[in-house]
Amino acid sequence: MEKNRWQEAIEAWAYSQPDEKFKPSRDVSDSKQDELVVAIREPGNESRVNSNTLKLVARITSIQDIKKVEVQVNGSTIKTYNENKKDIEENLNLSDGTYEIRVIAENTKGVRKDTAIKIGINKEWNEGTPAATATPELTP
């Protein structure tokens with residue numbers, strides 16, 4: 001890899017300044033080593049799915065290997081992977097209703113992360129939840 005003389009010159013100038021505000025930190029962090037991200041790609045959060053077959057697509061990102069992944073529907077685990085599974089693509093058969101779908105992942109360092117979406121199957125995702133009531137106006 002070729003030397004970046006431009007960057008070297010900027011750093012040399014910055015570290016030669018008497019004012020500390022020009023001196024960037026040289027500390028290095030390894031906090032990303034344990035980082036774990038769980039993302040549900042399909043379906044979208046707060047969406048309506050006009051089918052009883054739902055395609056669930058999720059992606060797990062981790063530098064460490066994944067030890068376990070769970071898929072939950074309304075708090076009940078319906079699928080568990082005890083493997084280094086980073087891509088999930090499952091067809092779920094759900095009856096009409098509203099659901100919370102959660103994907104929970106754990107890596108080999110014991111870090112656990114999860115994400116959840118709310119959806120409606122053949123109905124709006126929030127159908128059945130009480131709507132805000134309008135305040136009645138008094139007429140003289």
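A short reminder: the numbers here are calculations on the coordinates, not readings from a lab. No experiment lies behind these values; they were computed from the predicted model shown. We place every Cβ from the backbone using ideal geometry, glycine too, and count neighbours over all the protein chains shown.
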key: Residue-by-residue Karplus 3J(HN,Hα) for segment 64-71, coefficients 6.51, -1.76, 1.60, Hz, glycine and proline x   = 7, 5, 7, 9, 7, 9, 10, 10
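Please report, in debye to the nearest 20, how large the charge dipole of segment 34-121 is about its Cα centre when each Lys and Arg carries +1 at its beta carbon and each Asp and Glu carries -1 there. It would help to have the intermediate numbers written out before the result.
Working: 14 positive and 14 negative charges, 11 e Å.
Dipole of segment 34-121, to the nearest 20 debye: 60 debye.
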key: Backbone HN-Hα couplings from phi across segment 97-111 [Karplus 6.51/-1.76/1.60, Hz, Gly and Pro as x]   = x, 10, 9, 10, 10, 10, 10, 10, 10, 9, 9, 5, 8, x, 6
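Fewest Cβ neighbours within 10 Å first, please rank VAL49, VAL37 accordingly.
Working: VAL49 20, VAL37 11.
If I rank by nearby Cβ atoms, fewest first, I get VAL37, VAL49.
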query = Using a basic spin-label model with each label point 7 Å from the Cα along Cα→Cβ, how many nm lie between ARG59 and GLU46?
reply = 2.3 nm
note = Any residue on another chain or 5+ positions along whose placed amide H is under 5 Å from the amide H of GLY97 is listed here as ILE121, LYS123
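Please compute the length gained on full extension between LYS68 and GLU90, using 0.36 nm multiplied by the number of residues separating them and subtracting their Cα-Cα distance. Mind dumping the intermediate values first?
Working: separation 22, 0.36 × 22 = 7.92 nm, distance 1.61 nm.
So the extension gain works out to 6.3 nm.
Computed over the Cα atoms of segment 34-121, what is the convex hull's projected area averaged over all directions, in nm²? Walk me through the intermediate numbers first.
Working: hull surface 19.7 nm².
Convex hull of Cα atoms, orientation-averaged projection: 4.9 nm².
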